[in-house]
Structures are given as C-alpha cells and as structure tokens.
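A short write-up of the structure that comes next.
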C-alpha cells in the first residue's frame, strides 16, 4: 500500500534497521547504507539523536517526529516510541519493528493533516512556522504547505501571555484544630464512594491531623514521624487533614517532595480535592527553584538573534510551548523532557535564570513572569507542592515567607537534601559564576546578560555611597577566577590570589592521589597541609574579604533607598531593588562561608564540619577544583532554619526508619535536635510480600568480571521477558553491560534502555519503561527510589551487588562518628529497602528481587519485608526460578513458602 506521506522513514533499534520508502516498500538495511541514505535524503525518524547513536552517526539529522509533535501540540506529552505515538495520536500501534518504519509515515501524515484545519493549539502556529522557515527547520516546507495563513495577523507571544495581579498580603492563619473525625471524613470524600477506605489509611489521616494543632512552645513544632508502607495511601492520608486545615485556617500547607515524579503525582491528585480546573489552579500551586522556569527575557533574546543554528530552532519550539504551558516549568513540568535532549540541550539552560541575573521589575516581561506568578499564586494557595531543596533554601535565606505548616514526603531524603543545601564549596566554577554576576560577561560573550553595576545604574546615580560600594565590589571581583582559569592552572600560570589557591589545591590533591584514582575525581582531607597551600590561603581570604565588605555596604545602602524612597521609586523599581537585596544577601552568606573555609587551611579542624580538597573529573578530564565543606550532621542547620520556626511538620516515607529503630529516623530528620519529642506513627503495608515476592542472592557471579555480570543480566532479563529494572553502583559498569547485551536482547524482542547511554532524560526513560512491559531499564542511584512503575511493566529488580557507600572523605568522617561498620550497614539496608520498594507498587503486583553478590552479609537482609522468601543459589537456578515465577500470574501463590533466612 502506497504511503500517503511522500517521505521515506527510518527506524533503528539494537535489533536492526528498517527503511520504508514513499512507494510502500519496507526493507531491512545495514548501518552503512542507512547512514548513506539518511545523508542524501530527508528521512522521517522518531528521536534523531537516539537513531544516530544506534547507527554510530551522532550528527544524524532529519525529519524528527518529536519536533513536529512539539510544534503541533505544545505542552502535551507523548511517550517517544512508536507505540507511545500511536497512543497519543489515536492510531493503531505497529506490532513489530519492521512495521514501525511505515507507521512513522502514517504518524507524520496524521500530524500534518491536523494542521489543515483548526485544532486547540492553532494560534501562533503560522508566525512560528515563518520563523522556523527562515531558520531552515527540516519540517518547515511541510508545515508551510499544510498551514493556511490566518485571516488576522497573530498576536506576538508576549502579548498573549496573561499578567499576574498584585494582591494584599495574606493575614496570619487562624488557630484551628482539625479533629481526627473530620480528617477521616475528608479522607472518605477524597477516596470516593467506589473505593474502600483502609484502616491503615484512616489511622494515618487521624495521626496527621494531630500535627496541625496549634503549637504550644516557640521553637518546638508539632512534629510527626510517620512510616507508612507502600499501599497505605499516604498521599491522600496527609492531604485530607492538610486541606482541611488550609480551608479552616485560611493558610497554606507546603507539601515537599524529593523527586519530580512525586510532584507530578501530587499535582494529579489535586483533581480529587478540587475537580474544577480553575479552582484547582488557584488553590494548588507547584513551586520550584527559579532555575526550573522559563525566563521570558532570555527567550526574547533567543528569538531576536541571541541563538543560532539548532539552538534557535529550540527557542522557537519553546516559544510555542510558552503560550500553552500551565506554569512555565521547563524541568519536570509540561515541557516534554525529550524536547531539549533532541537538541543535545543546546541553549536549554540559557533559557532559564541559572545565574541569578534576574532584573525583576526592570524586566519588560515582569508582570507576565512565570516565576513571579508562581510565587504570588503560592502566597494565596491552600496547597503548595514544592521540593525539599526549595523549602530549605527559602528558610535559610529568610525569603518568600518560609512555610510554617509542612509535610515532607519522601522524608528519608531529608538528610541528603539538607546535606546539599547547607554545604559550602569554594571552587573555580562557583567563583567564576560570582564574578559573572558582578561584572557581567567578558570577552566575546554575547547576550543580554549584564553585571550588577549595569543592573543598578539608576540607583548608583542617585545614591553616592551606594555607587562607591558598587564600584568597590566590581573592582574586588576582578580578583576572582576569570574565563580560562582551568587551563591556566593546568599550565602552571594562575592569575590572582584565588586561582593561585586553586592551583595549590590541585597540586596537593594530585600529590596524594593513588593509582585507583585514575580517571576519576580526586579528593583528600584537609590535614597535614604543606606550606605552599597554607601560604596561598591568606591572600585568598583577603581578596574574599575585600569583596564581602562593599557587598554588605551596598545591601545596606539599597535598604536605605527603600526606607527613604525617592520620587522615581515606583512599585517596579522597588521590586527590582528588593530582588537585588535578596541576591546580595545570598552572595554575602556564600562569601562568608568561603572565607571560613579558606581560613581553615593550616588551622585547627572544626568538629562540626568535614572539609576536603577535590579535583572533579569525568573520564580523566578536569572540570572543577576547590575546597568543600559539609556539616558532619546536616540535620542541625535543618532543625534550626526549617523545623524550629515551623508550627506543624509531618515527615513521612515508606522507609523512614530504613529497617532501623526510631532513633535512626529521628537522627536523620532533625527531630532529635528539637526541644519537644516528635510523635511516631507506623502503618504496615497491606501487601502480602511473602506471597507475591522473593529475594534471590546469586552466589556464582564473580565480582569485577564484567563478562559474567553482563551474561547474568542478559539471561535474567530474558527469563523475565523484560520488565526488568537493573541497578548499578558505577556508571562505567552500567555502560559496559549495556554495550554487551543490548543488541542480543533486542533481537529477541526485548528492548533495553539505559541512563547515561541513551540520549534521553531520565524521566522519559521511565515513561518508556512503564509503557512497554517487554522493555527493561538500566540505571544508577536516581532510579533506586525515584521510580514508580506499578503493574507488569516492572516485575524484576536486579542489583549488581551490595550498594556499599563510596569511600569518600565525607563518608569516612560520618562513618567514624556513626559507629563504623554499623553506620555502613544502616546505609546499605536503607538502600536495599528503597530498591526493593520499586518492585511491589499495588496489591496485585508480583516480582522478584535479585542481588548479584555472593558475599551479601546475612545481617543486611532485615532490609526486606518480614516473611519474604530469601534464598542463596547459583545463577542457573536463579534464572529458572525467575522464569517460573514470572511466567504466570499464579506462580507465586502456588509455590511452597520458602524460609526467610535468619538475620545475624
């Protein structure tokens, strides 16, 4: 049958390559011929970077269906596979890889046909198509023929975006008490009449309600530590009392997560609370850090010539999205994660405010800014969905009215989030970012970015003292590392006191490196330092102090301008100055931490901190050098900055205790540092893990033998028929295993995807995995507890070995303070529990957990749910066990119960 779309289509997997011609022929072809054909003729493809990688031709380009979809349906997501596109377009899915090639022609024809009439995202398409034509977008000729010119000229993007409105400040929330009965009744409403409210969920909602009672003592919040096993329904369990309190008290409850996946899930659950879309948009707001949102000023710069080549095409597609997005979130929002990866992320980061260069009210798009809209919306919302980092940063910087009622879901990550938030890093990359913020781009840098002096010109002309402080700050910033700093240090030609200090850091780190550090980052503790690095520290401290003083003075002068407002200080100018004060305060705090860290060199150690020197490398290539500081116990600043000012705090997780006692949970959440004890709650999972899951420990895969490891993964994936999540502790081993087995599995109809290999963002990889029950996914720590794939798509989890902590300087210090091997065991048990938790996500799930490590200590096995069968056996028997248990849904229930191995 002749295709209705007159372009050839190319489809490639690890299992083969297929070409569909315009006259209806479909045939397999070799890699060389495929590259040659793609080079001479525009080909329809689905994810050109991925196809190029499969062909070994990274620069492959063509008619990428994902780009066309993003143009036709901005702010919509489609799983970037043939099946995913079929579902998104309402077409019949191809049943084989050979059928996928002609299907791509059909899908292209369907998208082009939609442009022949009216569709929801019609507005703006014509103007965008004209711009894309001038940029030589491969799809432009096709789109130009399909789109009819509108009768009226289309409005410019920036005139179509709505403006946010300034409102009166929200009063303090009323003092109310949510009763247990009210919480349970609200829970019943959320669950719905068709579903039964489980007793564990009722108890959970009742316990959470008590946390929202009025606080009794200043600095002692009502804190609940709640461990709710998978399947309890903790999301609705805490949303019930949280929504009631917000409604009755006229206040906001912040729900904080660690992963973007849970943020999206919470946003979807909002439909239960507020079915009306308009009300839901007003009462539930998603908040993230500024760097996640599209900056309209950066976008305007990109559209008006600031970008070129492929980056300019990306900017046009992002502009299409900007007109239809819910909230402007480019990272984890409704911008498809695969869109920026199609352009190898060229220009994507430049479209967000990653350097803190926002000019606030000085921006012509200030009243339409996505970031400002989200901030204002959250001030009046009932439920604010945020992440741990944002909550902590806002609290630490005393900005944006830090929340006083909080629920920390994925609470087992509080320690890690605090560890990152309250860290200090005096490195080349960090210092050059500060220099750029103060001075602006130097040399041949292009774009609208400006330094602090340019952003505060009008203030400097009005206030002489402020102008002098600004001049002194810019002058002192000249002592910070500049462009080319890394190469100068490598060549032994550092400039300025900071670069000289970094050069001494590098020399010390390399002098203490061992053979096992080859190709990886190098770090060494700050102890027994020689004279060169100690002598380099003093001038560096002086340079940093010389910069800190005028920044503090400038901040005070700006505050004085606000207090004694001149005639020209309107609302927008005031907002811009307030933004500058916030930025100066943040950077002054950063400088103070750098000064303390640099002054530490050659001096006594502070027992509260862990300090070290590091040279960061990837595959042997250096990308940063510097000094690092972490709190030995980061929950101390967490308790002081976040918990103590709060009134209500619920910390919850399925693995909050991590197979330990409550003392461990209190230590890792900061509860142990509060004056009043936290309340505790436990609800065991309703799932029958003993019947529906098993743990197999393989005893004959030699550690360090990549060939054996790859063979084990391939045979296990084959035995399960796909549906496997493979977890690795090292990226290099992941890549090596994938390279050995991907083709073999694909030829058997079992596609294999991998983090750090496939040019696809992690969230989209999980979406692909979830959508295809025969697919498997390899990944690292990010997938260990950030994946929610219920059902048959995930039925086997394979870990390459016991996930022991990396022997870093930081880990060694915490290990020594935390009990030595007992500390290691706690970390490993928590990781095993989190990984096992990926397996059973709903009542009818069944699965097998395989650990490829004969040396797994029995004392670690308490990480798994009680009653789960655990057996040690050779690989061949494990494969047969997996095949038998996963070949039919009833296999688990009819097998004799295995004895759980006793923990030591």
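The values are calculated or read from the model by the stated rules, or taken from the named source; none is laboratory data. What you are looking at is a predicted structure, and each value in this text was computed from that prediction instead of being measured. Here the Cβ positions follow ideal geometry from the backbone for every residue, glycine too, while neighbour counts run over all protein chains shown.
Using the structure shown, decide if residue 240 is under 25 Å from residue 677 (Cβ atoms) and either in contact with a strand residue (DSSP E or B) (Cβ under 6 Å, 6 or more places away or on another chain) or in a helix (DSSP H, G or I) (or both). Yes: the conditions hold for residue 240. Of the numbered criteria (1) in contact with a helix residue (DSSP H, G or I) (Cβ under 7 Å, 6 or more places away or on another chain); (2) under 23 Å from residue 716 (Cα atoms); (3) outside any helix (DSSP H, G or I), the one residue 839 fails is (1). Residue count for region 134-154, restricted to those that are free of Cβ contacts under 8 Å to residues at least 40 places away in the same chain and farther than 14 Å from residue 317 by Cβ: 14.
At least 2 residues that are under 24 Å from residue 869 (Cβ atoms) in each: list the strands (runs of 3 or more DSSP E) lying fully within region 640-710 that qualify.
Here the list reads 679-683, 693-698.
Residues that are at pLDDT 90 or above, part of a loop (DSSP other than H, G, I, E, B) and over 19 Å from residue 64 (Cα atoms) within region 331-353 comprise just one, 334.
Every residue, every condition in (1) surrounded by 15 or more Cβ atoms within 10 Å (Cβ to Cβ); (2) farther than 22 Å from residue 542 by Cα, yes or no:
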| position | (1), (2) |
| --- | --- |
| 490 | no, yes |
| 500 | yes, no |
| 509 | yes, yes |
| 514 | no, yes |
| 524 | yes, yes |
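Here residue 613 meets each of (1) surrounded by fewer than 21 Cβ atoms within 10 Å (Cβ to Cβ); (2) modelled with pLDDT of 95 or more with one exception, condition (1).
Evaluation of residue 281 against the conditions (1) modelled with pLDDT of 90 or more; (2) under 26 Å from residue 767 (Cα atoms); (3) touching a strand residue (DSSP E or B) at 6+ places or on another chain (Cβ under 9 Å); (4) in a helix (DSSP H, G or I) shows that the sole unmet condition is (3). Scanning region 316-356 for residues that are under 22 Å from the mean Cα position of the chain (by Cα) and farther than 20 Å from residue 50 by Cα yields a total of 21. Only residues that are without any contact (Cβ under 8 Å) to a residue 60 or more places away in the chain and farther than 27 Å from residue 586 by Cβ were counted across region 320-377, and they come to 2. Identify the residue in region 263-279 that is over 14 Å from residue 409 (Cβ atoms) and in contact (Cβ under 8 Å) with a residue 60 or more places away in the chain and, among all such residues, is surrounded by the fewest Cβ atoms within 10 Å (Cβ to Cβ). The selected residue is 272.
Apart from one condition, residue 66 fits all of (1) assigned to a helix (DSSP H, G or I); (2) more than 28 Å from the chain's Cα centre (by Cα); the exception is (2).
Just one residue in the set 130, 145, 105 is touching a strand residue (DSSP E or B) at 6+ places or on another chain (Cβ under 7 Å) and assigned to a helix (DSSP H, G or I); that residue is 105. When each of 627, 584, 591, 601 is tested for being surrounded by 15 or more Cβ atoms within 10 Å (Cβ to Cβ), over 30 Å from the mean Cα position of the chain (by Cα) and over 27 Å from residue 673 (Cα atoms), the lone residue that passes is 601.
Residues that are more than 27 Å from residue 381 (Cβ to Cβ) and either at pLDDT 90 or above or surrounded by 10 or more Cβ atoms within 10 Å (Cβ to Cβ) (or both) within region 150-171 comprise 150, 154, 155, 156, listed in sequence order. Condition check: in contact (Cβ under 8 Å) with a residue 24 or more places away in the chain and within 29 Å of the chain's Cα centre (by Cα). Does residue 192 satisfy that? No.
Taking the listed residues 742, 707, 720, 736, the one that is touching a strand residue (DSSP E or B) at 6+ places or on another chain (Cβ under 9 Å) and over 19 Å from residue 836 (Cα atoms) is 742, with no other qualifying. Across region 209-222, which residue is nearest to residue 282 (Cα to Cα) among those that are surrounded by 24 or more Cβ atoms within 10 Å (Cβ to Cβ) and touching a strand residue (DSSP E or B) at 6+ places or on another chain (Cβ under 7 Å)? Here the answer is 212.
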